[in-house]
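S.K.: Mind having a look at this structure? Questions to follow.
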Amino acid sequence: MTYKIKVFRKSGPPNEAQLLSGMERVIFHLEHHRVAILIGVLMLVLAAAVVGVVIWYDYRQAEQAVELEQRAARLYFGRPVDEPEKARIRLKGAISQYRQLVEQYPRSPSAQLGLYRLGNALVESNELVGAIEAYKKYIASYRANQLVLGLVSQRLGYAYLLRGDHEQAAKAFSDVLALPGALNKDHALLELGKLEEARSRPEGALSHYQDLTQLYPHSPFAGEAGIRIKALGVKMGPEEGVSPQGSEEFPPQASEGNNQAPSEEP
C-alpha cells in the first residue's frame, strides 16, 4: 500500500500590489505607466487639433471662394451692352477672377460653377483653346453631375465648331446622348443633324432629325427638325426614300425623356 505525501507550497509574504484594493491597483498601474499614458493623451489632443484646423481651413477656403466667385459674377454679368470697351475690360477681369477661383480653391463647391463660367467667358473672349481646356477639365472632374455635364458637353461642341473642328464637335454632341441624366439630348440631336448637313451628309442629318421628332415630339426643337426633314426630302427626292410630308407624322404619345431646352446656367 502506497502513501502520498502532501507537500504544502510555501508562499512568501504578500507584496505591496497584492495588498491593494481594486481602485488602488488601477491607480498603481497608471502611476507605473504614466509616461506612456501621457504620450497617448498628447497624441489624441494633437490629432483632434489637426482635425479642427483642417475643418476650419476648409471652411475658410470655401468662404473665400464664394467671395471670389461673387466678384467674378458681378464683372461677368454686369457688362454694359452699350459700352464695348468697358464690357471687354470687365470680361477680362471676370476671366482672371474665375481662373484664380479654379486654381486656388479647386476643392471648394464654388469651383465647379466657376470652371463652367470660365469656359463660357473664354468663348466670348474668343480664347477657344482655353475654353476647350476648361470644358474638358469640367467633364473630367465632375462626372457625377450629369445634368450640367450634358450642357457643358454641348458647349464644348460649340467651341470646337468655332475652331472648325467638326469631328470633335460631333463627338462632343454625341457624348450628350450617352449621358443618362442629360436634359438637352433633343438639342444635341438637332446640332448633330445640322452638322451632318454642313458636311454634306443628308442621310445622317435625316436620321438625327427623325430621332428628334420621334423621341422628343414635344421638344421646342421638334418643329425646326420637321422643317429640315421636309427640306431634305425635297433635295433628296423620292428615289432616296424620303417623303416631304413624313415629318408631320409624329408618334401619338410622348416618349420618355426630357423635352426641354437646356438653360443657360446650371
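The values are calculated or read from the model by the stated rules, or taken from the named source; none is laboratory data. None of these values were measured; they are calculated from a predicted model. Here Cβ is always computed from backbone atoms with ideal geometry, including for glycine, and neighbour counts include all displayed protein chains.
S.K.: Against the conditions (1) closer than 27 Å to Ile229 by Cβ; (2) part of a helix (DSSP H, G or I); (3) under 20 Å from the mean Cα position of the chain (by Cα); (4) of a type outside the set (Phe, Trp, Tyr), where does Glu191 fall short? Just the number, please.
M.R.: (3)
S.K.: Test Arg107 against the criterion of being loosely packed, with under 15 Cβ neighbours inside 10 Å, in contact (Cβ under 8 Å) with a residue 24 or more places away in the chain and charged (D, E, K, R), and give yes or no.
M.R.: Answer is yes for this residue.
S.K.: Out of (1) in contact with a Phe, Trp or Tyr (Cβ under 9 Å, 6 or more places away or on another chain); (2) at pLDDT 95 or above; (3) not aromatic (Phe, Trp, Tyr), what's the single condition that is false for Gly223?
M.R.: (1)
S.K.: Would you mind stating whether Tyr105 is assigned by TED's automatic domain parsing to the domain that holds Ala131, out of contact with any Lys or Arg (no Cβ under 6 Å at 6 or more places or on another chain) and at pLDDT below 95?
M.R.: For Tyr105, the condition - assigned by TED's automatic domain parsing to the domain that holds Ala131, out of contact with any Lys or Arg (no Cβ under 6 Å at 6 or more places or on another chain) and at pLDDT below 95 - is met.
S.K.: Let me ask another. Would you mention how many residues in segment 200-218 are part of a loop (DSSP other than H, G, I, E, B) and in contact (Cβ under 8 Å) with a residue 24 or more places away in the chain? So that I can check it myself, show each step before the final result.
M.R.: Within segment 200-218, the first condition is being part of a loop (DSSP other than H, G, I, E, B), and the residues that meet it are 200-201, 216-218.
The next check asks that each one be in contact (Cβ under 8 Å) with a residue 24 or more places away in the chain; those that pass are 216-218.
Matching residues across segment 200-218 total 3.
S.K.: Filtering segment 226-266 down to residues that are polar (S, T, N, Q) and part of a loop (DSSP other than H, G, I, E, B), which residue is modelled with the highest pLDDT?
M.R.: Looking at the filtered set, the residue picked out is Ser243.
S.K.: Next up: So which residues in segment 75-88 are assigned to a helix (DSSP H, G or I) and either closer than 13 Å to Ala121 by Cβ or touching a residue at least 24 places away in the same chain (Cβ under 8 Å) (or both)?
M.R.: Just the residues of segment 75-88 that are assigned to a helix (DSSP H, G or I), to begin with: 75-77, 84-88.
Across segment 75-88, the qualifying residues are Leu75, Tyr76, Phe77, Ala87, Arg88.
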